[in-house]
Amino acid sequence: MPLTKNCEICGKIFLTVPTSSKQYSCSRKCAFERRTKKRIKYNCLICGVDIYALKRKSGGRKYCSTNCKIEGLAKLKKERFESIRIFGQWKDSKIQKRWFLENVGKCQNCCYNKIKEILEVHHIDRNRKNNKIDNLILICPNCHSEEHFFKKDGQFKNNLGIKSNAIDSKRPENIRQYAQNLWF
């Protein structure tokens, strides 16, 4: 049983079937015009070419092609990294680790540097949200585990292990002071 509808573009009456109740235009030409009517003009952020795209919550398309998008995202990442370096506060753990690997490159506790990729960034005050450079040190997984073991936090929160005097004697008393000595 066909339905009759009015075309939103030209106003003609056309027949449609109930299963295609979302059909709003009478022809392909009117359908194309309807789609382009809702599009907004944007400029590519890299090359400046005009782009016509649907309006979205995120503000529409920013790049005309994949190459421009890759170039634009690389540029944004570089700007973000530079601003982080200036203000000294990181929001992304990958960027902070990359900075430490490039500038320190070894465990700040035992000087391990054989495989740099396994080194971990440790928060001295144990606050994950405090990502200031003064609060972070780069240490190897062994030193990181020891640090949390001695403080009985992290994965060792419920551990009732016995401290060894041999290990305790090697561990600096004030890790914050030790870390600051490495930086300056």
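The values are calculated or read from the model by the stated rules, or taken from the named source; none is laboratory data. Please read these numbers as outputs of a predicted model, since none were measured by experiment. Please note: Cβ atoms are built from the backbone with ideal geometry, for glycine as well, and neighbour counts cover all protein chains shown.
Summary table
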item: Residues (at pLDDT below 80 and either out of contact with any strand residue (DSSP E or B) (no Cβ under 8 Å at 6 or more places or on another chain) or surrounded by fewer than 13 Cβ atoms within 10 Å (Cβ to Cβ) (or both)) located in the stretch 18-40; result: Pro18, Thr19, Ser20, Ser21, Lys22, Arg35, Thr36, Lys37, Lys38
item: Which listed residue is of a type in the set (D, E, K, R), surrounded by fewer than 11 Cβ atoms within 10 Å (Cβ to Cβ), within 30 Å of the chain's Cα centre (by Cα) and modelled with pLDDT of 60 or more, from Glu117, Glu147; result: Glu117
item: All positions within the stretch 60-109 that are of a type in the set (Gly, Ala, Ser), under 17 Å from the mean Cα position of the chain (by Cα) and at pLDDT below 80; result: Ser83, Ser93
item: Qualifying residues in the stretch 1-17 (those that are among the β-branched types (Val, Ile, Thr) and farther than 23 Å from Lys37 by Cα) - the one modelled with the highest pLDDT; result: Thr4
item: Filter result for Cys44 (at pLDDT 75 or above, farther than 29 Å from Phe150 by Cβ and touching a helix residue (DSSP H, G or I) at 6+ places or on another chain (Cβ under 6 Å)); result: yes
